[in-house]
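The next block holds one structure in the form of structure tokens; read it before the comments.
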Amino acid sequence: MLFIKNDNTNPYINHAIEEYMLKNFEEDCFMLWRNEPCILIGKNQNTLSEINVDYVKSRNLPVVRRMSGGGAIFNDLGNLHFTFISSKEKNHFADFSKFTYPIINALKKVGINAELSGRNDLTIDGKKFSGNAQYNYKNKILHHGSILFSASMNDLTSALKVKNIKFQDKAVKSVGSRVTNISEHLKTPMNLEEFKEFLARSIISDQKEVKLYELTKEDMICVKKISDDKYSTWEWNYGKSPKFNYFNEIKFLGGIVQANINVEKGLISDIKLYGDFFSEMDISELEKALIGVKYTEKDVRGILKDMPIEKYISNINGDNLMQVMFN
């Protein structure tokens, strides 16, 4: 396994590094890294419906869309990110236990009892300190997560819109009351750099063989191009947000699914499926298959029955999708 040394804090560059590693390194990898203040958006989300636009503009916060699904998060230098890239043959998509175990195990060493909760969260005493997501590429899986160590709770709650649908089954609505920083639970205080070093040592000790890898000038030229062409562009991070004449969203076990549909002369002329769900396959393939189909339950179901819906939206079946599209 390669331990990628990364002290960069530019969010556009950091996400480009992840993609570069995933597509160019044959060996398994892991990396610890931090971002300057920014907002990270899940691949399948509608950016403008997730962020507090006025707050983002006033703070000049970069908004960066990830390769992976999941929800929107605020980042600052009080967050620590971890990335694992591994062969798909050894792992199953959306199985978070293997990749979060090294974090849980490390925290046990400093007297913190953390656990994997819900779809993709790590919690301490029921409070979330880490969200996780995955991306599937050819025969590999990229798993990454964020850790709240000493993050600004004020920015965390102000930068994002809170969707009531997401917490419809919870009595507590306040974001601040549902999350916690690791630093608050340490019996022996340490700063984030010390925690980063501790976490790296703990992960390395659990592996048979780990080699330190520092990105070369040639690597960084390629990374910069990925950043310039993709992660720092408006097209990738915001994209088109056209008006639709049908809108509905429902929360399922697999996450929130939002259907935006345009119908012209009885046919689906445009459709966009947004949400904080995870995808093993590109959701745009499913959307394209529905373009030109009669907007009737019979015709749409006829298309969906032959498609691997759960590959496009994890833990969602055809009946669930029909419910969103026609409810």
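For the stretch 76-138, take the convex hull of the Cα atoms, compute a quarter of its surface area, and give me that in nm², please. Intermediate values should be presented prior to the final figure.
Values: hull surface 20.4 nm².
Computing the convex hull of the Cα atoms and averaging its projections yields 5.1 nm².
Remark on Ile51: its backbone amide H falls under 5 Å from those of Lys161, a criterion applied only to residues 5 or more positions apart or on other chains, H modelled at 1.01 Å from N.
Dividing the summed -39500 (n - 2.57) terms of all DSSP H runs of n ≥ 4 by the residue count of the chain sets its mean residue ellipticity at 222 nm at -8500 deg cm²/dmol.
Sort Leu321, Leu253, Leu186 so the one with the fewest other Cβ atoms within 10 Å of its own Cβ comes first.
Leu253, Leu186, Leu321
Ranked by how many other Cβ atoms sit within 10 Å of their own Cβ, fewest first, the residues Leu160, Leu77 fall in the order Leu77, Leu160.
For Phe278, nonlocal amide neighbours, meaning residues 5 or more places apart or on other chains whose placed amide H falls under 5 Å from its own, are Gly70, Ser314. Cross-link partners for Lys128 among the aspartates and glutamates, with Cα-Cα distance under 13 Å and sequence neighbours closer than 8 places in the same chain left out: Glu115, Glu184. In plain terms, the bigger the Kirkwood radius, the slower the diffusion; for the chain, with that radius from Cα pairs, at 4 °C and 1.567 mPa s, Stokes-Einstein puts D at 62 µm²/s.
With neighbour counts taken as other beta-carbon atoms within 10 Å, the residues Ser87, Ser158 rank, fewest first, as Ser87, Ser158.
Within the chain, the longest run free of GluC sites (Glu not before Pro) that sit in a DSSP loop with at most 10 other Cβ atoms within 10 Å is 27-208. Once the Cα atoms are used to define both axes, helix 11-24 deviates from the longest principal axis of the chain by about 90 degrees.
Where a number appears in this text, it was derived from the coordinates with a stated rule and is not lab data. Just so you know, these numbers come straight off a predicted model, no measurement behind them. Here Cβ is always computed from backbone atoms with ideal geometry, including for glycine, and neighbour counts include all displayed protein chains.
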